[in-house]
Amino acid sequence: MLSMAVFSEVYDEDNDKVFVIRGTIEVRIPHNFYSQLKRKYSDEEIVSMQEPKILRHHHTKRELVYVTKESGLPLIGHTAFGLIDRGTNLIQVRPVSGCNLNCIFCSVDEGVSKSRRTDYIVDTDYLVEEFAKLAALKGDDVEAHIDGQGEPFIYPYMVELLEKLRKVPHVKVISAQTNGMLLDPEKIRAMEGLLDRINLSISSMDPRRGRMLAGTNLYDVEHVKEVARAVAASDIDLLLAPVWVPGFNDEDIPKLIEFGLEIGAGKRWPGFGIQNYVRYQFGKKVRGRPMKFSEFFKRLEEYGKQYGLNLKLTPADFGIHKAPGLPRAFRRGERVKLELVAPGRVFGEMLAVSRGRVIGVLTDRPAGSTVFAEITRTNDNVYVAVTAESRL
Ligand code: SF4
């Protein structure tokens, strides 16, 4: 093992630093590793081969695990990074976790978080290599959907990622989710011809309410509207994806629909993907009662009639259908011996690797420990295991 310090800094057009990776990653050194490293990173990026430090996420300040091929962490098995295959022609691509916002309704408790303790960033080549293997199982109309537990455009190598995904055989569509705050017209132009659709989460048209919903005074709804206009004017399709939080932004929903219609959202696919706020176990909890889905769909139907739109969407509206995927590597209830190799996404969780999958293990034991655990989740090739002590 070698501690390698790397840093990467990205500046916006005003020369403000928007992203920094600085610190040390622990890597296993294959033969000729240093010469490979020199080919991949410039001398400027490799600042030290010593001095162990903890790598930290620029926005969340949490520990950041750099997931490379050499790290030995597979990209299938966890929802915080890598790839998720839910048995359709759409593959979720998660290059980075962590968010620049702090939405009061966030389903993954991002921003100021009580539950999250670690973020992850994945090496671009590794991500695309593993993606290509998975895409090859699925037929000729694969959609790469870049999303994550956080804001994907925090990833400093997004254009490189898009370029490489575009070259993967069978990829027909590339889409990405974003809150829009880190985009601008120049970045959007740079992604034309690479990215097919942006799902833009914007939940209010009002600056004050926007800041309240985003949980930060840094949120600028006017900037996000500008981004929406720039996307709609580009050859990238725009889908507006507000989260409807009853009692908070009811009056924004029709305004967002009118805004989307005015700027030309949804040329190739539907222009609106309105989501109902749901209270998730590890998500942020908003006061008041969430809207029942029957009520939500009824109101979507009413707005649909009013504006002549289909707002009750199904996967088929986006060309998503069942497709072959990876076999499961474990059975639910199976008891396994696991070595803990890295910190988990949430407190009380560690990562283990077995049978080519990464497994989130609920335990307080440190890295390097071996534990016996029971696999409790296998859906979508996402694995969770619990140890006997974590059940107590
Ligand atoms: S932008 Fe998305 S990931 Fe970020 S805090 Fe808001 S809801 Fe969560």
Calculate for the chain the 222 nm mean residue ellipticity that helices alone would give, adding -39,500 (n - 2.57) per DSSP H run of length 4 or more and normalising by residue count, nearest 500 deg cm²/dmol. -6500 deg cm²/dmol
For the chain, give me every cysteine whose Cβ has no other Cys Cβ within less than 4.7 Å, ordered by residue number. C99
Lys, Arg +1 and Asp, Glu -1 on Cβ, resulting dipole of the chain about Cα centre, debye, nearest 20: 1640
Student exercise, region 239-383 dipole from Lys, Arg, Asp, Glu Cβ charges, in Debye to nearest 20: 560
Take every DSSP beta bridge whose two residues both sit in the chain, then give the antiparallel share in percent to the nearest 5. 55
Taking every C-alpha to C-alpha distance in region 203-304 and binning by 10 Å from 0, the per-bin percentages run 14, 44, 34, 8, 0
If you project the alpha carbons of region 335-391 onto their three principal axes, what span does each projection cover, largest first, in Å? 26, 21, 21
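Dipole size in debye (nearest 20) for region 69-159 around its Cα centre, Lys and Arg Cβ +1, Asp and Glu Cβ -1? List each step's numbers first, then the result.
Details: 8 positive and 14 negative charges, 72 e Å.
Approximately 340 debye in magnitude.
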List the pairs from K69/K133; K172/K322; K225/K305; K172/K225 whose alpha-carbon separation is above 20 Å, in the order I gave them. K225/K305; K172/K225
Averaging the inverse of every distinct alpha carbon separation and then flipping it gives the Kirkwood radius. What is it for region 136-260, in angstrom units? 15.4
Determine the equivalent ellipsoid of the chain by diagonalising the alpha-carbon gyration tensor, then write out the semi-axes as square roots of 5 times the eigenvalues, largest first, rounded to whole Å. 34, 25, 22
Here are some pairs, K187/K292; K285/K312; K255/K292; K187/K267; K138/K187; which of them have Cα atoms lying more than 28 Å apart in this structure? K187/K292; K138/K187
So the pair-distance distribution of region 266-392, from every Cα-Cα distance in 10 Å bins, comes to percents of 11, 27, 22, 23, 14, 3
If one compares the long axis through the Cα atoms of helix 293-307 with the longest principal axis of the Cα atoms of the chain, the angle in degrees, nearest 10, works out at 50
For the chain, the longest stretch holding no GluC sites (Glu not before Pro) located in a DSSP loop with at most 16 other Cβ atoms within 10 Å is which? 46-191
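Using a 1.4 Å probe on the protein chains only, how many percent of the accessible area of the chain belongs to carbon and sulfur?
So the carbon and sulfur contribution to the accessible surface is 51 percent.
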Could you tally the net charge around R268, taking each other residue with its Cβ under 13 Å from the Cβ of R268, Lys/Arg +1 and Asp/Glu -1? -2
Of Y303, A241, V341, farthest towards positive along the dipole that unit charges on Lys, Arg, Asp, Glu beta carbons give the chain: V341
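What does the accessible area per residue of the chain come to in Å², with a 1.4 Å probe and no ligands, DNA or RNA counted?
46
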Could you compute the FRET efficiency for T314 and L137, with r as their C-beta to C-beta distance and R0 at 30 Å, rounded to 0.05? 0.80
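The values are calculated or read from the model by the stated rules, or taken from the named source; none is laboratory data. None of these values were measured; they are calculated from a predicted model. Neighbour counts are summed over all protein chains in view; Cβ atoms, including those assigned to glycine, are modelled from backbone coordinates with ideal geometry. Only protein heavy atoms, including side chains, enter the accessible area calculation; ligands, DNA and RNA are left aside. Shrake-Rupley method; radii C 1.70, N 1.55, O 1.52, S 1.80 Å.
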